[in-house]
1. So in the range 200-250, with the set limited to residues that are touching a helix residue (DSSP H, G or I) at 6+ places or on another chain (Cβ under 8 Å) and charged (D, E, K, R), which one is farthest from Ile130 (Cα to Cα)?
2. Being modelled with pLDDT of 85 or more and surrounded by 17 or more Cβ atoms within 10 Å (Cβ to Cβ) narrows it down to one of Ala89, Ala75, Ala97, so name that one.
3. Determine if the range 18-34 includes at least one residue that is at pLDDT below 85 and away from the ligand (no atom under 16 Å from the Cβ).
4. May I ask you to list the residues in the range 35-53 that are within 10 Å of the ligand (Cβ to nearest atom) and in contact with an Asp or Glu (Cβ under 8 Å, 6 or more places away or on another chain)?
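The values are calculated or read from the model by the stated rules, or taken from the named source; none is laboratory data. These numbers come from a predicted model, not from an experiment. With ideal geometry, Cβ positions are generated from the backbone for all residues, glycine too; neighbour counts draw on all protein chains shown.
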Amino acid sequence: MAQFKNLMEVLKLLNKSNCRKCNEKTCMAFAAEVFKGNRPLSDCPDLPPEILETHGLEHSALKERSDEFLTLISAMQQQIQDLDLLTVAQRVGGTFADGRLTLTCLGKPVSIDMNGKIISDIHVNHWFAIPFYSHLTHAKDKPLTGRWVPLRELKGGKDYFRLFNQRCEKPLKKIADDHTELFEDLVRLFKGEKVEDHYEADISLVLRPFPTVPVLICYLKAEEGMASDLNVFFDEGAEEKMPIRTLYTLGAGLVNMFEKIALRHWTF
Ligand code: SF4
């Protein structure tokens, strides 16, 4: 087991959502148990494999997760090989040239070839790869409605909205509360589009992880006697482009990316 110098060193690695999936009441309590050597870091199911890898921990747990991921990716690549990428490109707002479908994802081009291999200058982790494959195989040829709704109002949303609130909206609100300027920078970094007069919010931005799967984030700053608030909205037709489970994975992935960037600025 790797040695940590102090409890905060462990805490920095966790997403601080206090989701309790590890059966501890808070991430801080879990970090204390890890620091004392009572529990392995891999007991937090939300730690991405690269963090475990960086810390050289629990190679068997890491291998198990990597194997699972590789099997899933391989099955999804198989499905891509059966698709007509030219037709799919038209459905998902992409282009097709030289045997590759290309989408602009958060302002950056990401391509996929006919073997299902993703090609991009940006680092593609499983948070992104799985929604990417799922989007291409699932997207229907239907235009977006232009109406924003919270996840719970989507057809399958009732099964996911609590988890989505816990894993996406709450951690995102924490980033916005602690680092409001950084939060604004982050959305700029990901080519967010400012939305004027849409919702009563101090920050309203649309991010486009995929051209036809926009995400609206509305943040209301705290004022005297009023707590801050943050809500995430999807197009009412989002499930025609991606299954609800993948929308959740996508939201959690965005938060994960934001947290990593925010962590670099945090000092304890
Ligand atoms: S499962 Fe991970 S993220 Fe959730 S409370 Fe435990 S340590 Fe924190």
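1. Applying the filter and picking the extreme gives Lys221.
2. From the options Ala89, Ala75, Ala97, the qualifying one is Ala89.
3. no
4. Arg39, Leu41
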